[in-house]
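Input: a single structure, listed below in structure tokens.
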Amino acid sequence: MSDKKIKSPADLLALRDKAKEDVELRAGGKALRITVHMGTCGIASGARDVLKQLAAELSAAGAKDVTLTQTGCAGLCDQEPMISLTDATGSMVRYGKLDAQKVGDIVRQHVLGGTPIVDYMIRA
Amino acid sequence: MDNYRSHILVCAGGGCVASGSLEVSAALREQLEKFGLSREVKVVETGCLGPCVVGPVAIVYPDGTFYQSIKPADAADIVQEHLLKGRPVTRLIYGAKPGEQPPAEALKEVPFFRRQVKTVLRNCGMIDPQRIEEYIAREGYAGLAKALTAMTPDEVVDEVKRSGLRGRGGAGFPTGLKWALTRKAVGDVKYVLCNADEGDPGAFMDRSVLEGDPHSLIEGMCIAAYGIGARQGYVYVRAEYPLAVERLTTALEQAREYGLLGKDILGTGFDFDLEIRMGSGAFVCGEETALMTSIEGRRGEPRPRPPFPANKGLWGKPSSLNNVETFANVPVILLKGADWFASLGTAKSKGTKVFALAGAVTNTGLVEVPIGTSMGEIVYEIGGGVPGGKRFKAAQVGGPSGGCIPKQHLNVPLDYESLNELGAIMGSGGLVVMDEDSCMVDVARFFLDFVQEESCGKCTPCRIGTRRMLEIVTRICQGKGRMSDLDELVELGERIKDTALCGLGQSAPNPVLSTIRHFRDEYIAHIRDQRCPAGVCPDLVRAPCQNACPAGVDVPGFVSLVGEERYAEALRHHRERNPFASICARVCFHPCESKCRRAGLDHAVAIRGVKRFMVEQETTPQLPAIKDDPARARRRVAIVGGGPAGLACGYFLARLGYKPTVFEAEAQAGGMLVQTIPSYRLPRAELQREVRMIESLGVEIRTNSKLGRDFTLQGLRADGYEAVFLGLGAPAGSRLGVPGEDTLGVTEAIRYLREYNLHGAAPTGKRVVVVGGGNAAIDAARTALRLGAESVQLLYRRTRAEMPAWIEEIEEAEHEGLKMEFLIAPLEVVSEGGRVTGLKCQRMSLGEYDRTGRRRPVGVAGSEFVVPTDHVIAAIGQTLEPGAFLGDVQVELTRNGYLVADPVTGQTSVPWIFAGGDAATGPASVVDAVGTGEKAAVGIDQFLTGTSEPFWRVEHGVDTRFDPEADPIPDDRAEMPLLPIDERCGCFAEVELTFDKVTALREARRCLRCDYRCEEA
């Protein structure tokens, strides 16, 4: 008898919840969408590190209702590396000139805490 | 565990695997590794996503970007551009065409997916079918858990009953009822069986579930077993599905490993296990009793029912057999409830159905829609319509056991009952779309051939009956049929339906019966006229172009003669079947070109262009062979109407030796050719040239002689005319039917054109509005532009794609300044002081499909507006007003007021009166009129002499050189040279010019010579 055997409906639910993380990326419809701008300018300024850090921190924090994705240059090359956060209503906040500390703050305060950080925002 | 930020789901369904998707996913992994992304981006092989025609396909999550036709070499771009730099690779996005913006990036935006409701295929393309965890993550086995812990077996059966789920294998038997019967049956050993012997040509939804979501089948069968009280199940799957067998085997092992199959499932004490049994692909093994016999290890043959399998099934034990798609629905019903399921579909058919869309449709593949979705929606909205500008003809639903649904029924909701009413069946859900190039007799023959081949031979009706039917249908395809064959086929078919042993035999006649029902005319054309209208049946079709020509011109013959610069011979060859070489070179709608097989290589041969070059080389009139026959010359034949039908009738009568008289109402012969077709399309000298040629054969033309005004039919009889041909055209324009139509400044297109063409002047406004979308509308618009209108606007109630006008004419009209607006219909003429000042219109939207297979325009409330204009030209159709000329003679009329004429002889209900052209067919083309005129000439000859030998119909071919081994010349179709726009304004100079010699000869040599037959053959 293998140890993978599901012995009760409760076991099944537990396995489901664990496995969900695997596939929920494909479901869409998340409350928050974080887009890393990864044009040549973004990558040159360190967007790859921002992306990796975001992925790691979101995972560590167990943030479920967040989509992490990427796009190209938004035309604000001097602000790179930058990210855009879009909520379910479609309203968008852009953070620029990011570094590891700013990314950490954004994850804690904005993504998990729900409070945008005005100081890091790009203003037109 | 790695935290992947992106998943690439590569389709690993059978179709995509065949087109190389596994190589693509390997290349993707390699690229991800190379760029250090393999711990960030995961590649998952998933089940069939549906649009197999553009495979291999893949989706990139979380964005849902959908890529098509990916090659391993594209992996670098996808990884470097999309996954590294966030720039989707636009050239690979679904629906992308070179040089165009891609329509929609994300999967959910694509029309092919947007209108689908995925229940059965809920996990196909979402999960890795080889990982049970992914199935469980998407609520897999939760339905089973609910059934085992919270419900009694009776409650489970009741739930399925209440859901209204019906057998997806085709017959539509209520699944819950089947389970209840098996549950009630006496016996302690019972079986749950799954029919995965998907044998219908073209249907592959069961394979898709087995390959893409095998656990949904296992879970469904477990639930069924619990409800019925079975402990053992079998999946009977065809050996031709190796990938399905492999994935199902893996899934079974995983389910056992996870304790979801075997003893004490989920700790509830319920035991159930499953085994795979492979069949070797006999179609009859899809029949339930034959399937069970085959599982038992014996030859797969059906047996009579009762006893039904619910009582005596596999090894004589109570058994319940359902198909894969049925089982795949069950977990969702248990999880979401019967009420949820019953909210999808129609009153009697609940849930969704997967259709395998194939044939002449842009997006082929698997589609899942709520039952009751209309056929039009599936074919056009999801399927993207018929490619290549061809017209939808019919769809074959339900494979060899089903039937065809013609275009008149595009609105039919696809549910069990509606399909049965039309003589088709839901069947397994195969949906083969056929366009105008499909011969329905040939389709029936194909399916009959299939079932005849697959008949197990146990019962006589199926074994012998289908063979007899096949012999008859084959005979019809060869042009050797008899009219009595139709009744015989129907009788035989009905007899087989009533008496065959199993469902295979009982449904075998369906394709024949339904094609006879919906396409009887096509059978009749094969039998009576020895013609295959679609140009398919090889014994009846010399070349598809010639077959498509209503006059039967030997197109490859004259084209190849032109290619050898033998112009005089080419012209005579053309005039064997159609006197109007020059006229048709200018105005013919060239049905030949739309059937040209060269279009499969690049584009159709410019047959009309070659013809134009040919007629330009005519220095002395090239007359065809004529028979002198003094006896026939003495018989008097009158032809009423000097248009193309009448003149053609006179021409062919003259060639048989007659000296017929043509009575023409106007001052010039030519009918519509002279009255309405503008001279920039057909210079009058060209028309006169061919009219004079016909006169020179002994045809007398009397102008200014109008039937009903100057003479009567009875009068002709009294004058000794023994037969009369009526070729009066459809000279009256239809009225708009809106208030204010009689206001000054509103004219009707035919009258407007006639006024200008016959009398040289027609009052034309400054701001002209033309209503209509046919050729008369375009002719009127282009004439108005030449007669000084400052602006000409065309309003049409349907869309551009549905305009009946000739596409070349539409484009040229636009170049000359015509503005066109669509989905607009007139409501009322607005006037001031008795003159028109505007046209009140309403916007339309497209509603349901009408009998012509087009979507019917319906008015949008509150969208009324006024188009300012001082001249409205109505061009919405033509009619015949037969009352004015028939007098006392009672000739039978069609519902639309045209003369009823025999399609072979042109004879009307009055034996001495014949008819052809628009007067008999309704508005049609010049070459149609020529065809009917020729038939009537032969019909008249037969009527007068009791026999007729139309010598021109004997095909003698041409002796031009052709090397069947040589490659076709590579040149693409040449475009017709046109007069520059600024030289057209204000004059009626001919717009179309002639190919130069080099172009014309090259174009002629592009012909693939479909008429060529091997000497030995």
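Looking at B:Lys819, B:Lys840, which is the one that is exposed (fewer than 15 other Cβ atoms within 10 Å of the Cβ), at pLDDT 95 or above and farther than 17 Å from B:Arg681 by Cα? First the steps, then the outcome.
On the way: B:Lys840 fails: exposed (fewer than 15 other Cβ atoms within 10 Å of the Cβ).
Only one candidate qualifies: B:Lys819.
Residues in the stretch B:46-68 that are of a type in the set (A, V, I, L, M) and away from chain A (no Cβ under 14 Å): B:Val53, B:Val54, B:Val57. For A:Ala61, the conditions (1) of a type in the set (A, V, I, L, M, F, W, C); (2) at the interface with chain B (Cβ under 8 Å from one of its Cβ atoms); (3) closer than 17 Å to B:Tyr4 by Cβ are fulfilled apart from (2).
Quick check: anything in the stretch A:18-31 more than 18 Å from the chain's Cα centre (by Cα), farther than 22 Å from B:Ala142 by Cβ, without any contact (Cβ under 8 Å) to a residue 60 or more places away in the chain and surrounded by fewer than 17 Cβ atoms within 10 Å (Cβ to Cβ)?
Within the stretch A:18-31, the first condition is being more than 18 Å from the chain's Cα centre (by Cα), and the residues that meet it are A:18-19.
From what's left, farther than 22 Å from B:Ala142 by Cβ: none.
No: zero hits.
Of the residues making up the stretch B:193-206, not a single one is touching a residue at least 40 places away in the same chain (Cβ under 8 Å), within 14 Å of chain A (Cβ to nearest Cβ), surrounded by 24 or more Cβ atoms within 10 Å (Cβ to Cβ) and not in a loop (DSSP other than H, G, I, E, B). The set of residues from the stretch A:84-99 being in contact with a strand residue (DSSP E or B) (Cβ under 7 Å, 6 or more places away or on another chain) and closer than 21 Å to A:Arg26 by Cα comprises A:Ser84, A:Leu85, A:Thr86, A:Asp87.
Within the stretch B:348-383, can you find the residues that are assigned to a strand (DSSP E or B), under 26 Å from B:Pro509 (Cα atoms) and more than 14 Å from the chain's Cα centre (by Cα)?
Residues of the stretch B:348-383 assigned to a strand (DSSP E or B): B:350, B:352-359, B:365-370, B:374.
From the residues that got through so far, the ones that are under 26 Å from B:Pro509 (Cα atoms) too are B:353-359, B:374.
B:Lys353, B:Val354, B:Phe355, B:Ala356, B:Ser374 - these are the residues of the stretch B:348-383 that are assigned to a strand (DSSP E or B), under 26 Å from B:Pro509 (Cα atoms) and more than 14 Å from the chain's Cα centre (by Cα).
Residues that are at pLDDT below 95 and closer than 14 Å to B:Lys659 by Cβ are absent from the stretch B:700-715.
Considering only residues that are farther than 25 Å from B:Glu219 by Cα and either facing chain B (nearest Cβ under 8 Å) or touching a His at 6+ places or on another chain (Cβ under 7 Å) (or both), which ones fall in the stretch A:18-29?
Taking the stretch A:18-29 and keeping what is farther than 25 Å from B:Glu219 by Cα, we get A:28-29.
Correct list: A:Gly28 only.
Reported count of residues in the stretch B:975-1002, each being assigned to a loop (DSSP other than H, G, I, E, B), touching an Asp or Glu at 6+ places or on another chain (Cβ under 8 Å) and touching a residue at least 40 places away in the same chain (Cβ under 8 Å), is 7.
With respect to the conditions (1) modelled with pLDDT under 90; (2) in a loop (DSSP other than H, G, I, E, B); (3) more than 12 Å from chain A (Cβ to nearest Cβ), B:Pro88 lacks only one, and its number is (3).
Just checking, how many residues over the stretch B:384-414 are in a loop (DSSP other than H, G, I, E, B), within 19 Å of B:Met440 (Cβ to Cβ) and in contact (Cβ under 8 Å) with a residue 40 or more places away in the chain? Before the answer, list the steps.
Within the stretch B:384-414, the subset in a loop (DSSP other than H, G, I, E, B) is B:384-386, B:390-391, B:398, B:402, B:410-412, B:414.
Of the ones still in play, those that are also within 19 Å of B:Met440 (Cβ to Cβ) are B:386, B:390-391, B:398, B:402, B:410, B:412.
Going one step further and asking which of them are in contact (Cβ under 8 Å) with a residue 40 or more places away in the chain, we end up with B:386, B:390-391, B:398, B:402, B:410.
Qualifying residue count for the region: 6.
Condition check: touching a strand residue (DSSP E or B) at 6+ places or on another chain (Cβ under 8 Å) and touching a residue at least 60 places away in the same chain (Cβ under 8 Å). Does B:Leu422 satisfy that?
Working: touching a strand residue (DSSP E or B) at 6+ places or on another chain (Cβ under 8 Å): yes; touching a residue at least 60 places away in the same chain (Cβ under 8 Å): yes.
For B:Leu422, the condition - touching a strand residue (DSSP E or B) at 6+ places or on another chain (Cβ under 8 Å) and touching a residue at least 60 places away in the same chain (Cβ under 8 Å) - is met.
With a requirement of 1 or more residues that are of a type outside the set (Val, Ile, Thr) and at the interface with another protein chain (Cβ under 9 Å from one of its Cβ atoms), the helices (runs of 4 or more DSSP H) lying completely within the stretch B:117-170 that satisfy it span B:132-137, B:142-150.
Answer yes if at least one residue in the stretch A:111-118 is within 22 Å of B:Ser6 (Cα to Cα) and either touching a residue at least 24 places away in the same chain (Cβ under 8 Å) or away from chain B (no Cβ under 14 Å) (or both), and no otherwise. Steps first, please.
Taking the stretch A:111-118 and keeping what is within 22 Å of B:Ser6 (Cα to Cα), we get A:111-112.
Of the ones still in play, those that are also either touching a residue at least 24 places away in the same chain (Cβ under 8 Å) or away from chain B (no Cβ under 14 Å) (or both) are A:111-112.
Looking for residues that are within 22 Å of B:Ser6 (Cα to Cα) and either touching a residue at least 24 places away in the same chain (Cβ under 8 Å) or away from chain B (no Cβ under 14 Å) (or both), one finds at least one in the stretch A:111-118, hence yes.
For the stretch B:531-586, the set of residues classified as acidic (Asp, Glu) and part of a helix (DSSP H, G or I) consists of B:Glu569 only. The one condition from (1) of a type outside the set (Val, Ile, Thr); (2) touching a residue at least 40 places away in the same chain (Cβ under 8 Å); (3) assigned to a helix (DSSP H, G or I) that B:Gln622 does not meet is (3). Just one of the numbered conditions (1) within 13 Å of another protein chain (Cβ to nearest Cβ); (2) among the β-branched types (Val, Ile, Thr); (3) closer than 30 Å to B:Met126 by Cα is not true of A:Thr89; which one? With (1) within 13 Å of another protein chain (Cβ to nearest Cβ); (2) among the β-branched types (Val, Ile, Thr); (3) closer than 30 Å to B:Met126 by Cα applied to A:Thr89, the lone miss is (1).
Is it fair to say A:Ala74 is over 12 Å from the mean Cα position of the chain (by Cα), more than 7 Å from chain B (Cβ to nearest Cβ), of a type outside the set (Lys, Arg) and over 30 Å from B:Ile136 (Cβ atoms)?
Working: over 12 Å from the mean Cα position of the chain (by Cα): yes; more than 7 Å from chain B (Cβ to nearest Cβ): yes; of a type outside the set (Lys, Arg): yes; over 30 Å from B:Ile136 (Cβ atoms): yes.
Criteria met by A:Ala74.
Considering (1) in contact (Cβ under 8 Å) with a residue 24 or more places away in the chain; (2) within 10 Å of another protein chain (Cβ to nearest Cβ); (3) surrounded by 15 or more Cβ atoms within 10 Å (Cβ to Cβ), the lone condition that A:Thr40 does not fulfil carries the number (3).
The set of residues from the stretch B:21-49 being touching a helix residue (DSSP H, G or I) at 6+ places or on another chain (Cβ under 7 Å) and not in a helix (DSSP H, G or I) comprises B:Phe35, B:Leu37, B:Ser38, B:Glu40, B:Val41, B:Val43, B:Glu45, B:Thr46, B:Gly47, B:Cys48. Applying the condition of being surrounded by 12 or more Cβ atoms within 10 Å (Cβ to Cβ) and over 21 Å from B:Val541 (Cα atoms) to the stretch B:945-968 and asking which residue is farthest from the chain's Cα centre (by Cα) yields B:Thr945. Filtering the stretch B:389-401 to residues that are touching a helix residue (DSSP H, G or I) at 6+ places or on another chain (Cβ under 6 Å) and at pLDDT below 90 leaves B:Pro400, B:Ser401.
Being free of Cβ contacts under 8 Å to residues at least 12 places away in the same chain and assigned to a loop (DSSP other than H, G, I, E, B) is the filter here, so list the residues in the stretch B:300-317 that pass it.
Correct list: B:Pro306, B:Pro307, B:Lys312.
Only one entry in B:Pro591, B:Pro556 is touching a residue at least 40 places away in the same chain (Cβ under 8 Å), surrounded by 22 or more Cβ atoms within 10 Å (Cβ to Cβ) and touching a helix residue (DSSP H, G or I) at 6+ places or on another chain (Cβ under 9 Å), namely B:Pro556. Restricting attention to the stretch B:657-681, the residues being in contact (Cβ under 8 Å) with a residue 40 or more places away in the chain and surrounded by 22 or more Cβ atoms within 10 Å (Cβ to Cβ) number 11. Return yes or no: is A:Asp3 more than 8 Å from every other protein chain (Cβ to nearest Cβ) and at pLDDT 80 or above? The answer is no for A:Asp3.
Counting the residues of the stretch A:6-17 that are facing chain B (nearest Cβ under 8 Å), charged (D, E, K, R) and surrounded by fewer than 16 Cβ atoms within 10 Å (Cβ to Cβ) gives 1.
The values are calculated or read from the model by the stated rules, or taken from the named source; none is laboratory data. Keep in mind that what you see is a predicted model, and the values were worked out from it rather than measured. Cβ coordinates were reconstructed from backbone atoms using ideal geometry, including for glycine residues, and neighbour counts include every protein chain displayed.
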